[in-house]
Amino acid sequence: MKADIETGKNILMEALKSPPVSDRDAVFHYSRTHRLSRASRDVKDLNNGVVRKPSVFGIFRSSRSHRVLFASIIVLCAFIAVIARMGDVHKLGGNKLAVSAMRYEGATFLVFKKTFAEGAYTGPVDVAVSPSAAENSSIAPAVFTWRVYFTPDDEDFPFSIPLDAQYLTALLRTETESLSMKIKVE
C-alpha cells in the first residue's frame, strides 16, 4: 500500500513538472488580411485611409435603431403638423387669432382671442358670422355683423349668436386684409 502511495506521488510530480500537451499554451495564428477579408466596407475603407463624411440620411440608415429613431422623428413631426393645422389659430394683420365656439341653450357663443405681435395691425375690424352654406342651402343664411377694434394688447372678443348650427363661417376684414374661416361649434 505504501508503494502505491509512492507511485501516485511520483505520477503527480511528473504531471506537475510537464503538463499534458492539451494543457500547454495554445498557439494562436493571426492574419490581418484574413481578418480584413471578412470585415465590412467601412472597416476596409478606414484601413485603406479612405475617409467618407456621412450624410444625415446615411446616419439614419446605418442601423436598425437609427432607422427607428428617424421614423419616430418623422411621425412626431407629422403629428405636430396635423395638430397645428387642426388648431383654430389664424393670422390677421400680424395678430394671432384663436377661435372657439360652443352651443348653450339654443345660442351659440363665439370667442376670438387676439394675441398682439410687435408691429401688428391695430384699428377697426369688421366681423361677419353666418351658418355654413352647406347646412342651409335652401334658405338664405342669417348674417350677424360686428365691428371691433384691435389695440396693442391681448384681447378676447366674445359674441352671442341666436342660432343652432354645427359649423359657422366667419369673415374678418381690416382696411387692407381679410380672413375667412370655418368654425366647428362644440
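Here is how the numbers come out for the structure above:
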| quantity | calculated |
| --- | --- |
| By average C-beta atoms within 10 angstrom, highest first, the peptides 64-72, 90-98 | 90-98, 64-72 |
| Chain lengthening between Lys113 and Val82 when straightened (0.36 nm per residue, less Cα-Cα) | 9.0 nm |
| Fully extended contour minus Cα-Cα distance, from Asp126 to Lys91, at 0.36 nm per residue | 11.1 nm |
| Square roots of 5 times each gyration tensor eigenvalue, C-alpha, segment 89-184, largest first, Å | 25, 14, 11 |
| Gain in span if fully extended, Ser72 to Thr33, counting 0.36 nm per residue against the direct Cα distance | 10.0 nm |
| Tally of Lys pairs whose C-alpha atoms are under 19 Å apart, taken over the chain, 8 or more apart or cross-chain | 14 |
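Since every read-out is calculated from the coordinates, none of them should be taken as a lab result. Computed from a predicted model, the values in this text were never measured in an experiment. Methodologically, a virtual Cβ is constructed for each residue, glycine included, from the backbone with ideal geometry; neighbour enumeration extends over all protein chains shown.
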